[in-house]
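Below is one structure; the comments refer to it alone.
The values are calculated or read from the model by the stated rules, or taken from the named source; none is laboratory data. Nothing here was measured: the structure is a model prediction, and the numbers come from that model. Every residue, glycine among them, receives a Cβ derived from its backbone with ideal geometry; neighbour counts consider all protein chains shown. These area figures cover heavy atoms from the full protein model, side chains too; ligands, DNA and RNA do not enter into them. Shrake-Rupley method; radii C 1.70, N 1.55, O 1.52, S 1.80 Å.
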Amino acid sequence: MIKTLKKDVFKDLTTYTEKIRRDMKASGTALVIMKDNKIVHEWYSGEYHFEQGAKKINYDSRFNVYSVRVTYVGLAIAIAINEGLLSLDDSLSKYLNEYNKETLGETTIRHLLTRCTGLKFENSKVYRAFDLGTDIEGKKPEILAKILYKATGKTVNDILLKKVFKPLHWTNTGWVTEGNNNLVCDIDSSKSYPTLRIGSNIGDERNLYVSARELAYWGNLHLNKGVFEGKLILPQEIFELTTSVQSPNSFPNQLPKFGFLWWVKDGDVSVTYNELGSELPDGSYQILGASGCSCTVIPEYNAVAVRMSNSLNASENLGFDYIKDIQMFGNLVISSLKNS
């Protein structure tokens, strides 16, 4: 599945990726570019941590992808919708009877997936922070996972293992419950030691570890709407849901638009915190995690770009600008593809 394009076509992108590794004080990074269903560029740099004896980053190295995981939760929800077990416009109150029904109001699964519920969940209570569908908020994958389990009796992990990971023989993707020698440590420059994040395998926690290749394959599965290496893994309709704009019609035009938690490029967006680079064509979609891992899918170029990193809290510790960086990364991907 590896194909070589014009020599040095991704040189600027690779140089930038290494610069960002140093700027973020990450110990390791990786870069994988796919085009026309082939890996056309693959590069690894650094080690699992900064301590003596650390392994070098390679194609088997698994990074904690943090918020990138929400697209996995989104796909599990889409599978349940496709199977008739959920509806995109089901009210949250149908599934979350432990919360105040009046506060939940007319909020739906669509609002959760497109980050505009206006709700704040704290333990067993829920509060309204802003009017429904008028602004964007933080992601709430744990609430989606709870709804999924109530509707299907299955966890996010149950569904994805059966429908995606096992059929595609992905052995470097999963929610990690114990340590192994392929897990890249997180680096927080405010601490003197590297860390691993271990948790349950339900699929709602921040412990999804993925290799750069398998994250690229994840993007490519979406790009091809369920087809992987010529075989239909899941119905096309599922991916048409997850990767197209699902934000409610009432949503302000200038705000970022979302599919099933993917940021979807839309020319009307005019806010400075938009994570999508100005050169990315409309219809591109992307997700970014706290450690710097990202997956960018560009249908117009039939391409996927994945970058991995293991630096946490670089904004607070180092003044690192995640938005400026991910915009630049996307723009460099496009300039590289244009020159290929």
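Can you tell me which residue in region 35-53 is surrounded by the fewest Cβ atoms within 10 Å (Cβ to Cβ), limited to those that are assigned to a loop (DSSP other than H, G, I, E, B) and either under 24 Å from the mean Cα position of the chain (by Cα) or touching a residue at least 40 places away in the same chain (Cβ under 8 Å) (or both)? Full working, then the answer.
Step one: of region 35-53, the residues assigned to a loop (DSSP other than H, G, I, E, B) are 36-37, 48-53.
Right, trim to either under 24 Å from the mean Cα position of the chain (by Cα) or touching a residue at least 40 places away in the same chain (Cβ under 8 Å) (or both) and you get 36-37, 48-51.
Working: Asp36: 9, Asn37: 18, Tyr48: 25, His49: 20, Phe50: 16, Glu51: 11.
Once the filter is applied, the top-ranked residue is Asp36.
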Report summary line: Of the listed residues (Thr272, Thr296), the one being assigned to a loop (DSSP other than H, G, I, E, B) and more than 19 Å from Ala78 (Cα to Cα) is Thr272
**Report entry** Selected residue [modelled with pLDDT of 95 or more, surrounded by fewer than 17 Cβ atoms within 10 Å (Cβ to Cβ) and out of contact with any Asp or Glu (no Cβ under 8 Å at 6 or more places or on another chain)] from Ser244, Ser294
**Finding:** Ser244
Report task. Say whether the condition of being under 18 Å from Ser67 (Cβ atoms), in contact with a Cys (Cβ under 8 Å, 6 or more places away or on another chain) and surrounded by fewer than 20 Cβ atoms within 10 Å (Cβ to Cβ) is met by at least one residue in region 117-128. Result -> no
**Report entry** Subset of region 48-71 (residues that are touching a strand residue (DSSP E or B) at 6+ places or on another chain (Cβ under 7 Å) and of a type in the set (Gly, Ala, Ser))
**Finding:** Ala54, Ser61, Ser67
Requested in this report: Go through (1) among the aromatic types (Phe, Trp, Tyr); (2) in a loop (DSSP other than H, G, I, E, B); (3) surrounded by 20 or more Cβ atoms within 10 Å (Cβ to Cβ) and name the single condition Tyr72 misses.
Outcome: (2)
Query raised in the report: For region 130-148, how many residues meet the condition of being buried (at least 19 other Cβ atoms within 10 Å of the Cβ) and without any contact (Cβ under 8 Å) to a residue 40 or more places away in the chain?
Result: 1
Query raised in the report: Is it true that Lys55 is over 19 Å from Gln286 (Cα atoms), among the basic types (Lys, Arg) and out of contact with any Asp or Glu (no Cβ under 7 Å at 6 or more places or on another chain)?
Result: no
**Report entry** Contacts under 6 angstrom Cβ, first residue in region 159-184 being under 11 Å from Val210 (Cβ atoms), partner open to solvent by 60 Å² or more (accessible area, probe 1.4 Å), 6 or more apart
**Finding:** Trp175/Asn201; Val176/Ile198; Leu183/Leu196
Report summary line: The correct count of residues that are surrounded by 23 or more Cβ atoms within 10 Å (Cβ to Cβ) and either of a type in the set (Asp, Glu) or assigned to a helix (DSSP H, G or I) (or both) in region 54-69 is 2
Requested in this report: Within region 93-104, identify whether any single residue is open to solvent by less than 40 Å² (accessible area, probe 1.4 Å), at pLDDT 95 or above, touching a His at 6+ places or on another chain (Cβ under 7 Å) and closer than 30 Å to Val269 by Cβ, and answer yes or no.
Outcome: no
Query raised in the report: All but one of (1) at pLDDT 95 or above; (2) on the phi > 0 side of the Ramachandran plot; (3) open to solvent by 10 Å² or more (accessible area, probe 1.4 Å) hold for Leu232; which doesn't?
Result: (2)
**Report entry** Subset of region 101-116 (residues that are touching a Phe, Trp or Tyr at 6+ places or on another chain (Cβ under 9 Å) and farther than 26 Å from Leu234 by Cβ)
**Finding:** Thr103, Cys116
